[in-house]
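S.K.: Got a structure for you, questions after.
The values are calculated or read from the model by the stated rules, or taken from the named source; none is laboratory data. In this text, all values refer to a predicted model and were calculated from it rather than measured experimentally. Ideal geometry is used to build each Cβ from the backbone, glycine not excepted, and the neighbour counts take in all protein chains shown.
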Amino acid sequence: MSVPIELAEQRTKILEASRYVLSRIKHPPAIALILGSGLGGLADSAEESTAMPYEQIPHFPVSTVEGHAGVLVSGKIGGVNAIFMKGRFHLYEGHPLESVTFPIRVMKAVGIRKLLVTNAAGGVNADFQPGDLMLIRDHINWMYRNPLIGRNDPESGVRFPDMSEAYSASFRSSVRQWAGLNGFSLREGVYAGFLGPTYETPAEIRMARKLGADAVGMSTVPEVIAARHAGFEVLGISCITNMAAGILDQPLSHEEVMATADRVKDDFARLVKGIIPLMEDTQKGE
Ligand code: HPA
């Protein structure tokens, strides 16, 4: 059967981007990391690194948000060959869904099957505090959009992907164990993805809490859906940068988000460097 033209074009774009990336990297990466708002600095601690600005990678979208640099960095972290997205694409920037998920498709073509996705998020769970790090147990897609809408490319994944373990149970158990052994305080909870770019209203936050959310943000959900579709095992970490709307008697701001992410960057780096080797070692279903 011949391949429909739009799928053939998309395959070509993914292949061209992945060929470029492979031509620039020294060691085949085992893990991809997506670094959220204010957390991009972690890529600077990668050893033997190569930086590829997004605009140099064929067909790669370019991010527009302050705090999101727009560079793909390959290098070693915690002794593991990895590739970092320093800057991601949000739906609220006006990117089409294919752009938000394009990097995941490219990572797959590069040969990667494990993803660590991170984000800045508002704390919905009233027990949380700004500066907490949260292991994502599951997510709620409140973006009213799904990146897999449209014709499915069977080369990318199945038409109806299972999402019952969007965030790998074996990764989560390894991370919990690591945190326990290392005296690292880690929250765990459900991330709700809203479209943004407005922060939520207090009523939306009360709704989210009642319906089971512990944290809210404007990213992650589309990438994780695409990653699961593509057969990745996923680990997610939220940095609780602020309490969500209506919890404290103060307005929310991007400055607060960036300041908290900056304040916890050392803890965040310690956590990632600790858990990356466990992710590399963990076999599916372990
Ligand atoms: N809401 C949505 N996105 C966010 C928040 C928030 O409170 N904090 C950081 N990203």
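S.K.: Filter the range 179-206 for residues that are among the aromatic types (Phe, Trp, Tyr) and more than 9 Å from the ligand (Cβ to nearest atom); which is nearest to Glu255 (Cα to Cα)?
M.R.: This residue is Tyr191.
S.K.: Hey, any hits in the range 180-188 for a residue that's among the charged types (D, E, K, R), assigned to a strand (DSSP E or B) and under 30 Å from Ala30 (Cβ atoms)? Steps first, answer last, please.
M.R.: The initial filter retains those residues of the range 180-188 that are among the charged types (D, E, K, R), namely 187-188.
From the residues that got through so far, the ones that are assigned to a strand (DSSP E or B) too are 187-188.
Adding the requirement that they be under 30 Å from Ala30 (Cβ atoms) leaves 187-188.
There is at least one residue in the range 180-188 that is among the charged types (D, E, K, R), assigned to a strand (DSSP E or B) and under 30 Å from Ala30 (Cβ atoms).
S.K.: In the range 1-49, how many are without any contact (Cβ under 8 Å) to a residue 60 or more places away in the chain, touching a strand residue (DSSP E or B) at 6+ places or on another chain (Cβ under 7 Å) and surrounded by fewer than 16 Cβ atoms within 10 Å (Cβ to Cβ)?
M.R.: Adding up the residues that qualify gives 5.
S.K.: Note down all Cβ pairs under 6 Å where the first residue falls in the range 79-95 and is touching a residue at least 12 places away in the same chain (Cβ under 8 Å), the second is of a type in the set (S, T, N, Q) and part of a strand (DSSP E or B), and they're at least six residues apart or on different chains.
M.R.: Matching pairs, first to second residue: Ile83/Ser74.
S.K.: Exactly one condition in (1) farther than 15 Å from Ala121 by Cβ; (2) within 15 Å of the ligand (Cβ to nearest atom); (3) small (Gly, Ala, Ser); (4) surrounded by 18 or more Cβ atoms within 10 Å (Cβ to Cβ) is false for Ala213; which is it?
M.R.: (1)
S.K.: Please pick out the residue among Arg172, Arg176, Arg228 that is modelled with pLDDT of 95 or more, surrounded by fewer than 17 Cβ atoms within 10 Å (Cβ to Cβ) and more than 10 Å from the ligand (Cβ to nearest atom). Talk me through it step by step, then tell me what you get.
M.R.: Numbers: Arg172 fails: surrounded by fewer than 17 Cβ atoms within 10 Å (Cβ to Cβ); Arg228 fails: surrounded by fewer than 17 Cβ atoms within 10 Å (Cβ to Cβ).
That would be Arg176, the only listed residue that is modelled with pLDDT of 95 or more, surrounded by fewer than 17 Cβ atoms within 10 Å (Cβ to Cβ) and more than 10 Å from the ligand (Cβ to nearest atom).
S.K.: Taking the range 232-261 as the search range and keeping residues that are closer than 29 Å to Arg113 by Cα and of a type outside the set (A, V, I, L, M), which one is farthest from the ligand (Cβ to nearest atom)?
M.R.: Across the range 232-261, the extreme among qualifying residues is Glu233.
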